[in-house]
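**Q** Sharing a structure, written as C-alpha cells. Questions coming.
The values are calculated or read from the model by the stated rules, or taken from the named source; none is laboratory data. All values reported here derive from a predicted model rather than from experimental measurement. Counting neighbours? That spans all protein chains shown, and the Cβs are built from the backbone with ideal geometry, glycine included.
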Amino acid sequence: MTVQGIGAPVRRKEDRRYLTGRGTYTEDINRPGQLHAVILRSPHAHARILGIDTSAAARMPGVAAIFTGADMAKDNVGSIPCGWLIKNKDDTPMAEPPHPPLVPDRVRHVGDQVAVVIAETRNQARDAAEAIQVDYEVLPAAVDTAAAAKPGAPQVWEQAKNNVCFDWHLGDKAAVEAAFATAHHVTKIDLVNNRLIPNAMEPRAALGEYDRATGDYTLYTTSQNPHLIRLLMGAFVLHLPEHKLRVVAPDVGGGFGSKIYHYAEEAIVTWAAGKLGRPVKWVADRSESFISDAHGRDHVSHAELAMDQNGKFLALRVATIANVGAYLSTFSTCVPTYLYATLLAGVYATPAIYAEVKTVFTNTVPVDAYRGAGRPEATYLLERLVDKAAREMKIDRVELRRRNLIPRDAFPYQTPVALQYDSGDYQSTLEIALKNSDWAGFESRRAEAKKRGKLRGIGISTYIEACGIAPSAVVGSLGARAGLYESAAIRVHPTGSVSVMTGTHSHGQGHETTFAQIVADTLGMPIENVDIVHGDSSKIPFGMGTYGSRSLAVGGSAIVKALDKIVKKSKRIAAHLLEASEADIEFKDGTFSVAGTDRSVPFGQIALTAYVPHNYPITELEPGLEESAFYDPLNFTYPGGCHICEVEVDPETGVTEVVKFTAVDDVGRVINPMIVEGQVHGGLAQGIGQALYEICVYDKESGQILSGSYNDYTMPRAEHLPSFTVETHNTMCTHNPLGSKGVGEVGAIGSPPAVINAVIDALSPLGIEDIEMPATPQRAWRLIQTAGMARAAE
Amino acid sequence: MYSFAYHRPVSAAEAEALAAKAGEARFLAGGMTLLPAMKLRLAQPTDLIDLARLGDLRGIKVSGSEVRIGAMTLHAAVAASAEVKRAIPALAHCAGVIGDPQVRNRGTLGGSLANNDPAADYPAAVLGLNATVHTSRRTIPADSFFRGLFETALEPGELITAVSFPIPERAAYEKFRHPASRYAVVGVFVARTGGGVRVAVTGAGPCAFRATQLEQALAKNFSPDALKGIKISADGLNSDIHAAADYRAHLIGVMARRAVAAIA
Ligand SMILES: Cc1cc2nc3c(=O)[nH]c(=O)nc-3n(C[C@H](O)[C@H](O)[C@H](O)COP(=O)(O)OP(=O)(O)OC[C@H]3O[C@@H](n4cnc5c(N)ncnc54)[C@H](O)[C@@H]3O)c2cc1C
C-alpha cells in the first residue's frame, strides 16, 4: 500500500468543493435567455380531467407558454418507458400502461403532472399556474397496498385488471411443498415493509436547452446516470437521435436511487426548450419532492419457514404484495422481483425456496429502487422470520443462525433462487460482531438499564446482498431492457497527468478519490495528478451510471482494464527507449526498468514520448496514450455480514433509543477504508431511519399524503444515532479484477431487522413478539399498554 | 411568495400606524413561521412590517419579583441568559428546547406568542408562570391571552412589546418532542409559587391550557405520587399520525410527573 494507493484512507478530493459551497449543481447553471417552468400538479389522487382552461393564466405577466398533455400528444411525444419487463406466472407480459410526461385526461396520484407553465421568472410561472382552471371529476382512489388487488377496489388502469401489474414467481414450488409436508415445525410471519421517501439533500432539477443553429439539445439534470436518461428520453420519449442530445449530470446532491429514473420533468423542459427556442429550467421545491420523487419499499408479505427438529431450515415460502404506485418507473418492476426474491436464501443453506410476488398499481407516487432496493425487504423478512423461528423452537437465535449458515467451504454456492454466491465467510463476520458488541455480556447491561426504568434489548441480523449490477446476459434473460456493463477511458496527457472518463456517476460516494487511488496505485503517481471526469454524455464513454453498489465493482473494473492497456502500451514504448525486449521490462512505482539492470525510464517520459514521438517505434505502434475499456461482470457481487443493535425503550413513553450499533461487513477489497466507513455510517443511518422513524403515510380514502413535509416525515438526526462500531472482514470477489464487492447499500440492508429484533427483545419480557416498522413511540406505547392490560386481566 | 410592501419602522408607534394604514399587514419578527407560510403561499400579506429596528423590544430585565423579556428577544438569548437561568431556570430551559440552533437564533418570544401554534413551547411557560403580556395598547394576563387554535387576544395591529414572568419558588418544563418537527407533542410546565401550583399543557389541545385536575392534586401533595392515579381525559385533545388523543393524554401524565419529580 502506498500513501495514496489502494487501501489508503485518503481524504476525499471532492470535499473541498462541496464543503466550501463551490460545487456546481443543476440549479447553479443558468443559460442566456433562460425561462422558468412550474409544473401544475394534481391535488387529487384519482380524477378525470374534464377540461383545462389556461386562457387567464396565459395572459398573466411574463408567461411565455403553457402546455398540457394535449400539446405534447400533438407533437407525438412518447411514453416514459419502463426498463424491465417482468412476465406473469403464465409467461404473459406484465401490464404496462402508458406514462405520458403530462397526463392528457386522467390524474392518478397527488402530484401527477397536469400542465407546465413557462415564464420569465419562477414566481410569475407560479402565479400563472394558480390561475389555470382544471375541471376535475374526482374518482375513488386505490391507496392501500394490501387492499389494491381485492375485489371492489377502485381501478387505476383499465389494462391492469384488479390493479395487478404482474403476478410472478420464482423457485421450485413442488420441492417446497414436499419439504413442508415433512417439516417438524413451521414458523409463520406477516410483515409490512414501510414505504419510504428518499429525501436526497438536493431536490431534483432539470434545465433544457436547444440550439437552433445546430439542432442540438442539451439537458442538465440531477441524475445518477446521464447516458441512461439520454437513451430513454431520446429514443422513447422525444425521438431525438443521440448525437443531437447531450445530457449533463453535474454535481448532484445525493440520490439514494431516486435520481436513477427518467422523470417527466426532464422530457418536459427539453421538449419545451425546443418549442420555445429558449432554455427552460425547472427546480423542485421540497414539497414537490415529496409527491414527485419515486418512493421506496412498500411491501406486504406473508412468509413460512419449515424446519426439522434441530432447527435446520428445510424450505421457505413467501408471498408478497408490492406497490408500484400509479406508473411504472424505470426500474420499478425488477426491484420487488429479481432484486428481492433472489435474495431470499440470505446467508442460509435453505434447500428449497418458493416466492410469489404480486405487484399492484395504486393511486400513489411511483415506487422504485431506494438504497438497497429489494434486498432490504428480503433481509428484513428473513431476519425477522429467523428470530421468530428461534423463539418458537426455543433455540438460541445465534445458535439457530450458526446451524444454518452456508459453510465456508461451500463456495461457489448455488442458491435455490437463481444466484450463485462466489465468496463469503458468514461464520467469521458473525463471530467478530458478537465479540465486538460484547453479546455475551448483554444480560448485565439489560439488568443495569432495568434499574433506570428502561427496557434494554439486543438484536442481530446476518445478511447478504447482491450488487455490482450486473452481468448483462443474465439480466437480459430476466427481462432487463439494457446492458449493465460499465465503461472507462483513460487519457494520459503529454506531461504525464491523467484524466479518467467514467460511465459511473458520483453524487456523494467519493469516486473522484477512490478511482484516482486505483490509477495512482497502478501508475505510481500522486492522486492530485489524476482527475475523474463523469456525468457529461459529451465527454464520457457510454456508461450505465451509479446504483446497486456497482460503481467500484463494475466501473472500477473497467478502469483497471483500461489501465492494463495503458501499462501494456507503455511497456512497449519503454522497451523501445531502453533498447530491451518487452518481456524484460518491469513496471514498479511509476518506473519502467529492464529486469536485472539499473536502466530505467519514468512513466512521465513514456507519456511525453507517446505524444512527441521523435524516437518511437512508429511502424509498430500508434502515438498517443489513451485507452478505453468496457467491463461486463460475470456475476453479481455478494457483500454480507452481521449487524447487532442495542436499544433502550422507555416503557412510559414508548420512545426507543439506539444505544449501541455494531456492524461487521464483508465488502471485498477496500480501496479507501475511510470512505467505506462513511458509506456504512450513512447506510446505517438510513436503515435505522426506516426501522424507527420514517414512513410515508397516505390517507387510505382520499389518497392525500399525510407525511408530505418534514413536519411529519421523520428523518433520522445525528442525535438519534450512537457512535457506530464498524469493521470489515473481507473475502475477495472472485470474478472481478479488484476483488471488490461494493459497500453503498450494506448499511441500509443489514440494519433494519437488527433494530427491530432488538426492540422486540426489549419488549419481550412484557410478552410482546411483534412490532411494525417504524417502531415509533406511539406504536411501542400501544403494544405496552395492551400487554399491560392483558397481564392485568390474567 | 406573492409580492408585498416592506416597511422598517423605528418605533412601536410607527409600526402600529403602518399596520393601521395597510390592507393586510403582518409584523415580521424572526420570520421563522411567517416566511415559510408566505413561501408556501399560505399567507399573503400586502405589507410586511419588520420589527428588527425596534430596539426597545429586545432585552431581558430581572427585578426582585419578575423577569421581563422584550418581544423581539431571541430564544437563544433567553436560553443562554445567566440571569434567567438564575431566576427561572425552567424558562431558560423551555427556550433552549425550541426547535434547533438556527431557529433559536431567529425566532422571538413575541412571534411565538402572537402565532400561538398549538405545539409551541413558550405558551406553556407563559401560562404556567402566570405571566403578563404587554402590548402597545394594554396588558393581558396569561389566562386570557390564548384563545384557540392560532388565536390570541391580540387585536389587529396590536403589537406585543414584552412579557413579564413572576418568579416562582420552583418550576420545571418537560417536553415530549415531536419526532419529525421537534415541536411539542406534549409539553407540561409546572410552577409552584406562594399563590399555589400551576400546571400548563401545550401540544395536546388547540392551544395551551391549564390542567386543573393536576393542579388540585399537587396543591394537596406536591409530589409525583400525587399524580399517579389520575387519568387524564382524551376528549378534545389533538390527534395526528404521530400521536392519537389517548396517547397525548397519557403523555400529559408522564410529563407532569417528570416535571414534578425534577422540583419536588
Ligand atoms: C424548523 C422549525 C422548528 C421549530 N420548532 C419549534 C419548537 O420546537 N417549539 C416552538 O415553540 N417553536 C418552534 N418553532 C417556531 C419558532 O420558534 C418561532 O417561535 C416562531 O417561528 C415565531 O417566532 P418568529 O419570531 O419567527 O415570528 P414570525 O414568523 O416573524 O411571526 C409569526 C407571527 O407572529 C406575528 N408577530 C411577530 N412578532 C410580533 C409581535 N411582537 N407582536 C405581534 N405580532 C407579532 C407575525 O406577524 C406573524 O403573524 C420552530 C420553527 C421552525 C421553522
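**Q** Which one of B:Lys85, B:Lys61, B:Lys39 is without any contact (Cβ under 8 Å) to a residue 60 or more places away in the chain and within 24 Å of B:Thr139 (Cα to Cα)? Give the derivation first.
**A** Details: B:Lys85 fails: within 24 Å of B:Thr139 (Cα to Cα); B:Lys39 fails: within 24 Å of B:Thr139 (Cα to Cα).
The unique qualifying residue is B:Lys61.
**Q** Going through segment B:112-128 one residue at a time, which ones are more than 9 Å from the ligand (Cβ to nearest atom) and within 14 Å of chain A (Cβ to nearest Cβ)?
**A** Once the filter is applied, which keeps residues that are more than 9 Å from the ligand (Cβ to nearest atom) and within 14 Å of chain A (Cβ to nearest Cβ), segment B:112-128 yields only B:Pro118.
**Q** In segment B:22-36, which residues are more than 8 Å from the ligand (Cβ to nearest atom) and within 14 Å of chain A (Cβ to nearest Cβ)?
**A** Those that are more than 8 Å from the ligand (Cβ to nearest atom) and within 14 Å of chain A (Cβ to nearest Cβ): none in segment B:22-36.
**Q** Cβ-Cβ under 7 Å, sequence separation 6+ or interchain: first residue in segment A:717-739 and within 30 Å of A:Pro777 (Cβ to Cβ), partner outside any loop (DSSP other than H, G, I, E, B) and among the charged types (D, E, K, R). Which pairs?
**A** So the pair list comes out as A:Pro722/A:Lys660; A:Val726/A:Glu677.
**Q** Filter segment A:586-615 down to residues that are of a type in the set (A, V, I, L, M) and assigned to a strand (DSSP E or B) and give me whichever is farthest from A:Ala574 (Cα to Cα).
**A** As a first pass, look at segment A:586-615 and keep what is of a type in the set (A, V, I, L, M): A:594-595, A:601, A:606-608, A:610, A:612.
Cutting the leftovers down to assigned to a strand (DSSP E or B) gives us A:594, A:601.
Values: A:Val594: 9, A:Val601: 7 Å.
The extreme case among them is A:Val594.
**Q** Can you tell me how many residues in segment A:30-57 are β-branched (Val, Ile, Thr) and within 31 Å of the chain's Cα centre (by Cα)? Write out each step before concluding.
**A** Going through segment A:30-57, the residues β-branched (Val, Ile, Thr) turn out to be A:38-39, A:49, A:52, A:54.
Okay, now just the ones that are also within 31 Å of the chain's Cα centre (by Cα), so A:38-39.
Final tally of qualifying residues: 2.
**Q** Every residue in segment A:674-707 that is within 11 Å of chain B (Cβ to nearest Cβ) and not in a helix (DSSP H, G or I), please.
**A** A:Glu694, A:Ile695, A:Cys696, A:Val697, A:Tyr698, A:Asp699, A:Ile705, A:Leu706, A:Ser707 - these are the residues of segment A:674-707 that are within 11 Å of chain B (Cβ to nearest Cβ) and not in a helix (DSSP H, G or I).
**Q** OK, next. If a residue counts only when it is among the polar types (S, T, N, Q), which helices (runs of 4 or more DSSP H) contained entirely in segment B:75-178 have at least 2 such residues? It would help to see each step written out before you state the result.
**A** Working: elements: B:75-80, B:82-87, B:89-96, B:101-104, B:109-115, B:122-128.
Where helices (runs of 4 or more DSSP H) fall fully within segment B:75-178 and carry at least 2 residues being among the polar types (S, T, N, Q), they are B:109-115.
**Q** Can you tell which of A:Ala326, A:Ala352, A:Ala322 is of a type in the set (A, V, I, L, M, F, W, C) and closer than 21 Å to A:Leu419 by Cα?
**A** Working: A:Ala326 fails: closer than 21 Å to A:Leu419 by Cα; A:Ala322 fails: closer than 21 Å to A:Leu419 by Cα.
On inspection, the qualifying residue turns out to be A:Ala352.
**Q** Checking A:Glu620 against (1) touching a residue at least 40 places away in the same chain (Cβ under 8 Å); (2) surrounded by 16 or more Cβ atoms within 10 Å (Cβ to Cβ), which single condition isn't satisfied?
**A** Here A:Glu620 clears every test but (2).
**Q** Might you let me know whether segment B:227-239 holds any residue that is buried (at least 21 other Cβ atoms within 10 Å of the Cβ) and within 16 Å of the ligand (Cβ to nearest atom)?
**A** Checking segment B:227-239: not a single residue is buried (at least 21 other Cβ atoms within 10 Å of the Cβ) and within 16 Å of the ligand (Cβ to nearest atom).
**Q** Return the residue satisfying two criteria in turn: it lies in segment B:54-86 and is over 13 Å from B:Thr161 (Cα atoms) and surrounded by fewer than 16 Cβ atoms within 10 Å (Cβ to Cβ), and of such residues it is nearest to the ligand (Cβ to nearest atom). Reasoning before the result, please.
**A** Of all residues in segment B:54-86, those over 13 Å from B:Thr161 (Cα atoms) come to B:61-67, B:74-86.
Next cut, surrounded by fewer than 16 Cβ atoms within 10 Å (Cβ to Cβ) only: B:61, B:63-65, B:80, B:82-83, B:86.
Details: B:Lys61: 17, B:Ser63: 22, B:Gly64: 26, B:Ser65: 24, B:Ala80: 15, B:Ala82: 22, B:Glu83: 21, B:Arg86: 23 Å.
The qualifying residue nearest to the ligand (Cβ to nearest atom) is B:Ala80.
**Q** Those residues that are within 12 Å of the ligand (Cβ to nearest atom), among the charged types (D, E, K, R) and more than 14 Å from chain A (Cβ to nearest Cβ), I need them from segment B:37-53; list them, please.
**A** If the condition is that a residue be within 12 Å of the ligand (Cβ to nearest atom), among the charged types (D, E, K, R) and more than 14 Å from chain A (Cβ to nearest Cβ), then B:Asp47, B:Asp50 are the ones that fit.
**Q** Something else about it: Would it be correct to say that B:Leu109 is surrounded by 19 or more Cβ atoms within 10 Å (Cβ to Cβ), at negative phi and more than 12 Å from the ligand (Cβ to nearest atom)?
**A** On the way: surrounded by 19 or more Cβ atoms within 10 Å (Cβ to Cβ): yes; at negative phi: yes; more than 12 Å from the ligand (Cβ to nearest atom): no.
Spelling it out, it is not the case that B:Leu109 is surrounded by 19 or more Cβ atoms within 10 Å (Cβ to Cβ), at negative phi and more than 12 Å from the ligand (Cβ to nearest atom).
**Q** May I ask you to verify whether B:Val254 is within 15 Å of the chain's Cα centre (by Cα), within 14 Å of chain A (Cβ to nearest Cβ) and more than 18 Å from B:Leu91 (Cα to Cα)? So that I can check it myself, show each step before the final result.
**A** On the way: within 15 Å of the chain's Cα centre (by Cα): no; within 14 Å of chain A (Cβ to nearest Cβ): yes; more than 18 Å from B:Leu91 (Cα to Cα): yes.
Against the criterion (within 15 Å of the chain's Cα centre (by Cα), within 14 Å of chain A (Cβ to nearest Cβ) and more than 18 Å from B:Leu91 (Cα to Cα)), B:Val254 does not qualify.
**Q** Restricting to helices (runs of 4 or more DSSP H) lying wholly in segment A:421-512: which have 3 or more residues that are modelled with pLDDT under 95 and more than 24 Å from A:Arg371 (Cβ to Cβ)? Steps first, please.
**A** Working: elements: A:426-436, A:442-451, A:472-477.
Those helices (runs of 4 or more DSSP H) span A:472-477.
**Q** Can you name the residue in segment A:91-144 that is in a strand (DSSP E or B) and of a type in the set (Val, Ile, Thr) and is also surrounded by the most Cβ atoms within 10 Å (Cβ to Cβ) among such residues?
**A** Step one: of segment A:91-144, the residues in a strand (DSSP E or B) are A:93, A:106-107, A:113-119, A:133-138.
Subset that is of a type in the set (Val, Ile, Thr): A:107, A:114, A:116-118, A:134, A:138.
Details: A:Val107: 25, A:Val114: 23, A:Val116: 28, A:Val117: 30, A:Ile118: 27, A:Val134: 19, A:Val138: 13.
Here the answer is A:Val117.
**Q** Within segment B:142-156, does at least one residue satisfy the condition of being within 11 Å of the ligand (Cβ to nearest atom), under 30 Å from A:Asp712 (Cα atoms) and of a type in the set (A, V, I, L, M)? Give the steps one after another, and end with the answer.
**A** Initial filter on segment B:142-156 (within 11 Å of the ligand (Cβ to nearest atom)): B:150, B:152, B:154-156.
Now restrict to residues that are under 30 Å from A:Asp712 (Cα atoms): B:150, B:152, B:154.
Okay, now just the ones that are also of a type in the set (A, V, I, L, M), so B:154.
Yes, that holds for at least one residue.
**Q** Considering only residues of segment B:168-187 that are away from every other protein chain (no Cβ under 11 Å) and within 14 Å of the ligand (Cβ to nearest atom), which is surrounded by the fewest Cβ atoms within 10 Å (Cβ to Cβ)?
**A** Narrowing segment B:168-187 to residues away from every other protein chain (no Cβ under 11 Å): B:168-173, B:175, B:184, B:187.
Among the residues that remain, those that are also within 14 Å of the ligand (Cβ to nearest atom) are: B:173, B:175, B:184, B:187.
Working: B:Tyr173: 30, B:Lys175: 25, B:Ala184: 30, B:Gly187: 31.
That would be B:Lys175.
**Q** Give the residue, chosen from B:Thr73, B:Thr108, that is free of Cβ contacts under 8 Å to residues at least 40 places away in the same chain, assigned by TED's automatic domain parsing to the domain that holds B:Val185 and under 24 Å from B:Cys207 (Cα atoms).
**A** Matching residue, one of B:Thr73, B:Thr108: B:Thr73.
**Q** Determine, yes or no, whether B:Asp100 is within 12 Å of the ligand (Cβ to nearest atom), within 14 Å of chain A (Cβ to nearest Cβ), touching a residue at least 40 places away in the same chain (Cβ under 8 Å) and among the acidic types (Asp, Glu). Explain how you work it out, then say what you get.
**A** Numbers: within 12 Å of the ligand (Cβ to nearest atom): yes; within 14 Å of chain A (Cβ to nearest Cβ): yes; touching a residue at least 40 places away in the same chain (Cβ under 8 Å): yes; among the acidic types (Asp, Glu): yes.
Against the criterion (within 12 Å of the ligand (Cβ to nearest atom), within 14 Å of chain A (Cβ to nearest Cβ), touching a residue at least 40 places away in the same chain (Cβ under 8 Å) and among the acidic types (Asp, Glu)), B:Asp100 qualifies.
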